[in-house]
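First up is the structure itself, then whatever we jot down about it.
What follows draws every value from the coordinates through simple rules; no lab data is involved. What you see is a predicted model, and the numbers here were worked out from it, not measured in a lab. As a convention, Cβ positions derive from the backbone with ideal geometry for all residues, glycine included, and neighbour counts pool all protein chains shown.
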Amino acid sequence: MLKKFSVENFKGFKDKITLDLGNPSNYGFHPEVVVENCITKGIIYGINGCGKSNLGLAIFDVITHLTEKQKLIQNYDFYLNMNGRKSFAEFEYTFAFDGHELVYKYSKNNVDTLKQESLSIDGKEVIYYNFPENDGFTLLEGSDTLNSSIRNESPISRVKYVSANSILADNIQNKVFKKFIDFVDRMLLFYSLDNRGYEGFMNGTEGIAEGIVNSGKLKDFEKFLNENDIEYNLYERDVDGRKAIYCHFDNKDADFFKIASTGTRSLALFYYWYIRMKKASFVFIDEFDAFYHFELSEDIQRKVNEVVGVQIFTTTHNTDLMSNDLLRPDCYFLLKDNNISSLSELTEKELRHAHNLQKMYKAGAFNG
């Protein structure tokens, strides 16, 4: 689980900003959202331009050099903060795996150029590399032979290099390291419309219709739409060698994506990822309900909350979702003025299940 994340001098974040998921409050309701003392479900609020999308990109920067999965490299233009004095951005991730803590730190001059990299397990630094000086070490058992050859390799991540080229011994430290690599490999970020793309988790540009049909989930998708008051009789059809979803009507059939509304297409995109995200480790959905009415937004968030063993965070402007019936105060985060804090951290008042969080928010109770 991701326990804490910090970034500095990246895009709009000139100063260090920290998302702390490892400090849950002791609420008696919705205990299922806390696993290994980490918050696993949450909603991030903030005005336009406050940095919600950039926060997602910052968290997912790690996949750009540790994995071969899908990358939205074009979204990392203007990488460094325009007013920052440093020539690099700094990132720090703290993870919890089976009672062990792994801290991964690195700095970059741009999305493609690492400056420094460090990985510690339970307080012991086991991988370090300084790229400008071309010097570092690895202490994981089974990686010792890499120390003599590492300087002759291309300037890729040393963590990635160790993972790909070592036969690591079977011990606790190495198991934690492998869990970290697996976690990063299964991270997923996606936007609410398919033309904005996705990052992490897999590769390719599979169409939504094709993905739903090939997963054998077409009738389940039809049921999903019907449950949200969208009545269609769906069936699959081959069109120019590709799977398509068609709607059957009394007078004429039509391609689902040619007649569906923007909101319905957004819902189809969510479903495409929903049937896959159960295998993910960490999911970030930017503006997940931009095209939904309130009831649908709530239904989708409830569906997200039911996914077990996956950390899932969404961004929205919809304060109607700010309810203790849906989540709890330490799961709602406000991003403002280069700071992100949960509602429970922004008030000295003891928040109970009966409190109306939305009403309190609009009254300024969480202004800090």
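Quick notes on this structure:
- 3J(HN,Hα) from dihedral phi, the range 243-248, Karplus parametrisation 6.51/-1.76/1.60, rounded to Hz, x for glycine, proline: 6, 10, 9, 10, 10, 9
- Taking all Cα pairs closer than 8 Å and separated by 6 or more residues, the relative contact order of the range 209-264 comes to 26 percent.
- Normalising the average separation of contacting C-alpha pairs (under 8 angstrom, six or more residues apart) by the number of residues puts the relative contact order of the chain at 20 percent.
- For q = 0.08, 0.12, 0.15 Å⁻¹, Debye-computed log10 I/I(0) when each Cα of the chain counts as one equal scatterer: -0.45, -0.96, -1.33
- Shape category assigned to the range 300-368 from the gyration tensor of Cα positions, a/c cut at 1.5: prolate
- Filtered chymotrypsin sites (Phe, Trp or Tyr not before Pro), the range 14-94: DSSP coil and at most 13 other beta carbons within 10 Å: F29, F78
- Cα-based shape type of the range 209-264, given that a ≥ b ≥ c are square roots of the gyration tensor eigenvalues and the cut on a/c is 1.5: oblate
- Cα-centre dipole for the chain with unit charges at Cβ (Lys and Arg positive, Asp and Glu negative), debye to 20: 460
- Lysines with Cα under 24 Å of K223, excluding same-chain neighbours fewer than 8 positions away: K243, K252, K258, K278, K279, K303
- In loop segments of the range 312-368 as defined by DSSP, the trypsin sites (Lys or Arg not before Pro) with at most 11 further C-beta atoms inside 10 Å of their C-beta are R352.
- Distance violations [Cα-Cα > 22 Å] among K69/K108; K71/K108; K3/K179; K336/K359; K41/K217: K41/K217
- The H on the amide N of V126, modeled in the peptide plane, is under 5 Å from the matching H of L119, S120, I121, each at least 5 residues off or on a different chain.
- The range 1-53 shape via C-alpha gyration tensor axes, a/c threshold 1.5: prolate
- Unit charges at the beta carbon, dipole of the range 91-192: most positive-side option, P132, V111, Y191: Y191
- Pairwise label distance in nanometres, K219 with N83, each label 7 Å out on the Cα-Cβ vector: 5.9
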